[in-house]
Amino acid sequence: MSTSEHHRSRTRVVVDAQSLSELYRAPEILRVVNVWDAASARVVAELPGTRAIATAGHGIAASHGYPDGERIPLDLMLSTVERISAVVGLPVTADLDGGFGDAGETVRRAIGVGVCGANIEDQLRPLAESAEVMRTAVAAGRSEGVAFVLNARTDALVRGGDRPRADSIADAIERGRAYLDAGAECVFVPGVLDAAETRTLVEGIGERKVSVIGLPGALAAAEYEALGVARISYGPMPQNVALTALKRLGTSLLADGTIPEDTEPLNNF
């Protein structure tokens, strides 16, 4: 990349970060349909309601034949995110798992491929250690001249084991407050959340400061919006739905079926 191209790329990331931060703080919930490659990103980016692009770490790993959990090489993951960023004209926020061993360096490299925000997991590490990971990620963005938009993920619910649900909610609130103090824009609390739990999280962490995931059994986006949630994403579910459709189509074609007439051509590449 030439110096002028690098400058244009960095300028775009700076502007995108400001736009993404404003989307988190807006009264309307930010709805992101997670993508896993350039093709899925282009399709989602062209939808009228799309305001930002969010990558799915699980989906990217799976598309390359790796299990989730930082098993995919960082270079391969970032090259995929770079292709995604190249084909869309919207802010891109990436799933960076737990930071791949060095959250600061990973954020710097992510910014280099066009990313303006990210999810980083606490993996239920000790609170002080987790807060430092988040602080390091935000500081790395600042050192690159980018107000990096961190959606700090706490695994208080999904890794809570058999402890009482109320204790996990309380832990999520304590961790969330610490991550906001460390510079995070929002706190991602994955898990199927009902209205009462969501209300407790928003009251404890802050209005428009909680991010949730849409899974089977979760509330609708509008319901979370009414409760003060900032963002809803869908993790690996869009890829799961796409692969389910492929499986059903393949079963039909192998049984002498035909391609549905309403199938849209992929003319955007």
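Nothing in this text is a laboratory measurement; each read-out follows from the coordinates by a stated rule. Every value quoted in this text rests on a predicted model; they were computed, and no experiment measured them. In this analysis, Cβ positions are derived from the backbone assuming ideal geometry, glycine residues included, and neighbour counts consider all displayed protein chains.
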**OP:** Kindly identify region 1-82 as rounded, prolate or oblate by the Cα gyration tensor criterion: order the square roots of the eigenvalues as a ≥ b ≥ c, call it rounded if a/c is under 1.5, otherwise compare a/b with b/c, prolate if a/b is larger, else oblate.
**Re:** oblate
Original post:
Want the number for E203 to E174: 0.36 nm per residue separation, take away the alpha-carbon distance, what's left?
Top reply: 9.2 nm
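Using Cα-Cα distances under 8 Å and only pairs 6 or more residues apart, what relative contact order does region 122-261 have, in percent? Please report the intermediate quantities before stating the final value.
Numbers: 188 pairs, mean separation 25.4, N = 140.
18 percent.
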Original post:
Going by a ≥ b ≥ c, the root eigenvalues of the Cα gyration tensor, does region 153-229 fall in the rounded group (a/c under 1.5), the prolate group (a/b larger than b/c) or the oblate group?
Top reply: oblate
Original post:
By the gyration tensor of its Cα atoms, with a ≥ b ≥ c the square roots of the eigenvalues, what is the shape of region 3-252: rounded for a/c under 1.5, prolate for a/b over b/c, or oblate?
Top reply: rounded
Subject >> For region 180-195 and region 59-125, distance of Cα centres in Å >> reply: 19
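With runs of 4+ DSSP H residues as the only contributors, calculate the mean residue ellipticity of the chain at 222 nm using -39,500 (n - 2.57) per run, divided by the residue total and rounded to the nearest 500.
So the helix-based figure for the chain works out to -15500 deg cm²/dmol.
Between S143 and L246, take the C-beta separation as r, use R0 = 45 Å, and let me know the FRET efficiency to the nearest 0.05. Write out the running numbers ahead of the final one.
Numbers: r = 43 Å, r/R0 = 0.94.
So, using R0 = 45 Å, E works out to roughly 0.60.
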**OP:** Kindly rank 43-49, 252-258 from highest to lowest mean number of other beta carbons found within 10 Å of each residue.
**Re:** 43-49, 252-258
Original post:
Which residue, A140, A182, A170, tops the fluctuation ranking in a GNM of the chain built on C-alpha contacts under 10 Å?
Top reply: A170
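Could you rank the peptides 100-107, 54-61 by their average count of other C-beta atoms within 10 Å per residue, with the highest value first?
Details: 100-107: 19.1, 54-61: 25.5.
Output ranking for 100-107, 54-61: 54-61, 100-107.
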**OP:** Compute the separation of the alpha-carbon centres of region 138-172 and region 217-269 and state it in Å as a whole number.
**Re:** 27
